[in-house]
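See structure below.
The values are calculated or read from the model by the stated rules, or taken from the named source; none is laboratory data. Everything numeric in this text was worked out from a predicted model, so none of it was measured. Positions of Cβ are generated from backbone atoms using ideal geometry, with glycine treated the same way; all protein chains shown enter the neighbour counts. Surface areas here come from the heavy atoms of the whole protein model, side chains and all, with no ligands, DNA or RNA. Shrake-Rupley method; radii C 1.70, N 1.55, O 1.52, S 1.80 Å.
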Amino acid sequence: MMLPEVNVGRGRFKALPSKYALLFMAWYSRGSSISLYRLLLITYLASYIVRYVFEQPPINSKSILSDLSALASEGLIELRTINGRLMVKVTDKGRRLIGELYGMSNEYVLFGDYLIVKLRDLFNELIRLVNAYQDMDAAVLLSVAFRELSLKEGGIEGDALRDLALDLRRPCENVLG
C-alpha cells in the first residue's frame, strides 16, 4: 500500500487518512465488526486523536459516514444489517491492509491535519479506546459522550446535557451492590 507523502517543515512523512483509524477500530473490535452507532460514539470520544466534524454530537457525522462509504467502495468494509442493527464489518481485503499498516508500525506518519505520530503508538491508543468502550452498556457509553459534550457546550445547554448524562448513568450504578 502506498500512502501519500507530505513535507512538514524539513521532514517528509507518509500521510495516513483518518478513515484508516475507523477501519482499524472496526478490525480490532470483537469479530472484526462493530455497530455503526458504537463506532460513531467511540470516534466522538476519541476526538483528541481522530478529528471529525459532528453535525449532531455525539452521534451524527457526515464526514465519518463519507469515510465509511469510501472504505466500503474500496472493499475494505461491509455495512450490514444484523439483528436489526447496522454493523461495520471488516473484509478480508481490509484485514490485509491492516497487516500492511502493522508492517509500517515503527514509522512516523502524519495523521489527520496535525498529528505526527509513530504508527504503533496511534494503534495502541486506538486499541485502548476500543477495549474501554466496545462492551460498555449503550446507555453508559452515551452518558459518557453526553458528559463530554456538556463540558464543551457550557452554560444552560451544558447543564441540560450533564443532567441527561447523569440520568442515563444512574440506572446502571450500584446494580451489584
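Remark on S18: its backbone amide H falls under 5 Å from those of G112, a criterion applied only to residues 5 or more positions apart or on other chains, H modelled at 1.01 Å from N. Partner lysines whose Cα lies under 22 Å from the Cα of K89, excluding those fewer than 8 positions away in the same chain, are identified as K19, K62. Summing Cβ point charges (Lys, Arg +1; Asp, Glu -1) relative to the Cα centre of the chain gives a dipole of roughly 520 debye. Listed by chain and number, the lysines whose C-alpha is less than 22 Å from the C-alpha of K14, apart from same-chain residues fewer than 8 away, are K93, K118. Among the GluC sites (Glu not before Pro) in region 52-123, those placed in a DSSP loop whose Cβ has at most 12 other Cβ atoms within 10 Å are E55.
For the chain, the percent of C-alpha pairs falling in each 5 Å distance bin, counted from 0 to the bin holding the largest distance, reads 1, 8, 15, 19, 19, 15, 10, 7, 4, 1, 0, 0.
Under a Gaussian network description of the chain, with springs only between Cα atoms under 10 Å, the residue in M87, M104, M25 that fluctuates furthest is M104. Applying 1/(1 + (r/R0)^6) with r as the Cβ-Cβ distance of R95 and A72 and R0 = 22 angstrom yields a FRET efficiency of 0.90. Helix 62-73 and the long axis of the chain differ in direction by around 50°, with both axes built from C-alpha atoms.
When the alpha carbon coordinates of region 57-116 are projected onto the principal axes, the ranges are 40, 30, 18 Å, largest first. Taking all protein chains into account, the per residue accessible area for the chain stands at 54 Å² (1.4 Å probe). Placing dummy labels 7 Å off each Cα toward the beta-carbon, the span from D163 to L151 is 2.2 nm. Given a 1.4 angstrom probe, I'd like the percentage of the accessible area of the chain that is carbon and sulfur, rounded to a whole number. Answer for the chain is 52 percent, counting heavy atoms of protein chains only.
Taking one quarter of the surface of the convex hull spanned by the alpha-carbon atoms of region 1-90 gives a direction-averaged projected area of 6.8 nm². Taking every Cα-Cα distance in region 100-173 and sorting them into 10 Å bins starting at zero, the pair-distance distribution P(r) comes out as 19, 29, 26, 21, 6 percent.
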